[in-house]
Amino acid sequence: MDGDGVKRVRSTNQPGEVDRISHLPDCLIFKVLLSLPTKEVVKTSTLSTRWNHIWKHVPGLNLEYDDFSEHDSFVSFIDSFLSFNRDTRLHMFKLTYDYSEADEPEPSLVRRWLDTVSRMKVETLDVTDDSAESWELEMTPALYTCGSLVSLKLVGLTLPSPDLVSLPSLKDINLILVEFTDEWALEKFISQCPSLKNLCIERSFGDDIPMLRVRSQSLLTFIHIVDSHESFDDERILEIDAPMLKYLKLSDGRTAIFKLENTASLVGVHINTAFNLTSTRRFCPNDAQKRNMIQNFLLMISRVDNIVIASCTLEVIYEYSRYEQLPVFRNLSSLRVNLDGDVWEMLPVFLESCLNLTTLVLGSIQNHVKLGITVSPRRPRVLPSLKYVEIERPFKGDALEMQLVGYLLVNSQSLKKLTLSLDDSLKKERSVIFNELLLMPRLSSTCEVVVLSDDPYDITNESAYKFVL
């Protein structure tokens with residue numbers, strides 16, 4: 001024990017051994033400690049005399065209110081840290097709290113800290129209010145002009161409409177359940193970030209912004225998430241104008257209208273939306289605005305190389321194709337379709353518009369919007385370029401699944417490999433499934449069917465076996 005009552009861990013190196021950590025320069029030690037929560041960083045003070053105060057000089061803070069047993073200790077710790085490092089350029093400030101708790105810090109206190117870290121030229125800012133969407137705290141105006149800021153993450157806060165924005169270094173923005181004081185707040189914010197590369201917005205389905213605009217000359221990645229399983233009658237709009245955009249993800253259960261502009265740079269998209277259509281609010285061919293919007297949307301994403309698409313979007317595309325011709329997805333080489341239930345019969349219509357598709361993965365998804373569309377019988381066309389198919393979702397060998405495999409085998413003239421994994425709870429004997437697969441005709445003479453299965457004789461059910469048919 002040292003004089004302060006803290007048990008220190010002394011070096012236990014044997015003669016001839018080298019204590020490499022203790023000989024590292026402070027800059028490397030700081031880099032390691034910045035990756036740890038502050039409560040863990042403080043514990044390093046017990047390692048040796050050299051480490052006794054080194055944690056105080058780490059240019060970053062990563063704290064949760066729950067790390068402290070008393071409110072005053074929490075406030076005092078942050079105030080002391082910021083005061084001690086007031087002349088230091090702060091690499092990171094990460095704070096998590098919950099305004100729904102009576103003894104949590106007041107919004108004015110958090111705003112004061114945010115003003116302070118802005119003056120300290122913070123580079124990474126991460127502030128989370130874990131309460132049930134209280135939005136008590138508005139982002140302080142000082143952050144809109146923090147020229148050093150590179151990465152910003154806000155959870156459960158309110159974003160006011162700024163009078164002045166100057167964020168020349170900001171590259172990454174992540175806004176989760178953030179409220180906007182008006183429909184222009186985000187557009188003003190984003191448009192004045194000349195270095196912005198990555199933007200993620202996870203919206204509360206109850207926000208009151210009818211139209212969200214994302215306009216950026218530098219944006220490379222945009223993710224827009226609205227998690228809603230309810231039906232809304234309002235026509236919410238999302239406009240995207242980002243000429244450098246390469247990757248777009250839309251997982252959106254509410255937005256009805258998507259307007260995409262300047263998508264020539266787009267390479268990959270992940271689409272999970274029904275455009276606010278439901279089983280009771282179906283696609284209407286007489287709705288010219290909706291039909292034209294879907295037509296333009298599909299045209300804007302038809303140049304990409306990689307697509308991930310959900311069942312609900314596939315249903316909309318199928319219904320749309322009854323009345324309009326789909327654009328040709330000439331550059332598409334890789335497609336993943338996440339299916340919910342047995343809607344694969346809608347898949348051929350989309351596949352036949354992908355003339356150069358080489359890889360198809362069929363995954364699964366749950367709890368998506370079902371439109372209740374009836375599939376009309378049609379004669380499938382040959383898929384000229386498809387080479388690799390993987391059915392990820394557990395394969396039970398039922399009639400519809402067998403029809404899917406049969407369709408792919410008999411219509412894919414360049415197919416080299418089709419891989420599937422048997423479900424643990426099979427209704428059929430494995431030998432019956434293998435025999436049915438062997439008897440299926442194949443358009444490609446070089447195609448092999450690979451079946452992955454747990455060893456039926458291994459009671460631990462942990463080893464996987466591969467069968468090539």
(message) Multiplying the sequence separation of residue 251 and residue 109 by 0.36 nm and subtracting their Cα-Cα distance, what value in nm do you get?
(response) 47.6 nm
(request) Calculate, for residue 227 and residue 198, the FRET efficiency according to 1/(1 + (r/R0)^6) with r their C-beta to C-beta distance and R0 25 Å; round to the nearest 0.05. (result) 0.80
(request) May I ask you to derive the FRET efficiency for residue 70 and residue 145 from their Cβ-Cβ distance with R0 = 56 Å, giving the value to the nearest 0.05? (result) 0.95
(message) Is there a quick way to get the dipole size of segment 290-438? I mean about its Cα centre, with the Cβ of Lys and Arg at +1 and of Asp and Glu at -1; what is the value in debye to the nearest 20?
(response) 440
(message) I need the calculated FRET efficiency for the pair residue 176 and residue 211, taking r as the beta carbon distance and R₀ as 25 Å, to the nearest 0.05.
(response) 0.75
(request) Considering Cα pairs under 8 angstrom that are at least six residues apart, work out the relative contact order of segment 79-230 and quote it in whole percent. (result) 16
(request) Return one whole number: the accessible area per residue of segment 142-192 in Å², for a 1.4 Å probe. (result) 35
(message) Test of understanding: what is the full-extension gain from residue 330 to residue 239, defined as 0.36 nm times their sequence separation minus their Cα-Cα distance?
(response) 30.3 nm
(message) Rounded to the nearest percent, how much of the accessible area of segment 105-166 (1.4 Å probe, protein heavy atoms only) is carbon and sulfur?
(response) 46
(message) Charges at C-beta only: +1 for Lys and Arg, -1 for Asp and Glu. How large is the resulting dipole of segment 230-314 about its Cα centre, in Debye rounded to 20?
(response) 220
(request) Using per-residue counts of other Cβ atoms within 10 Å, averaged over each peptide, order 321-332, 282-293 from highest down. (result) 321-332, 282-293
(request) Starting from the Cα-Cα distance between residue 28 and residue 403, subtract it from 0.36 nm times their residue separation and give me the gain in nm to one decimal. (result) 129.1 nm
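The values are calculated or read from the model by the stated rules, or taken from the named source; none is laboratory data. The model shown is predicted, which means the values in this text are computed figures rather than measured ones. Virtual Cβ from ideal backbone geometry, glycine too; neighbours counted across all protein chains shown. To get the accessible areas, we keep the full protein, side chains included, count just its heavy atoms, and leave off ligands, DNA and RNA. Shrake-Rupley method; radii C 1.70, N 1.55, O 1.52, S 1.80 Å.
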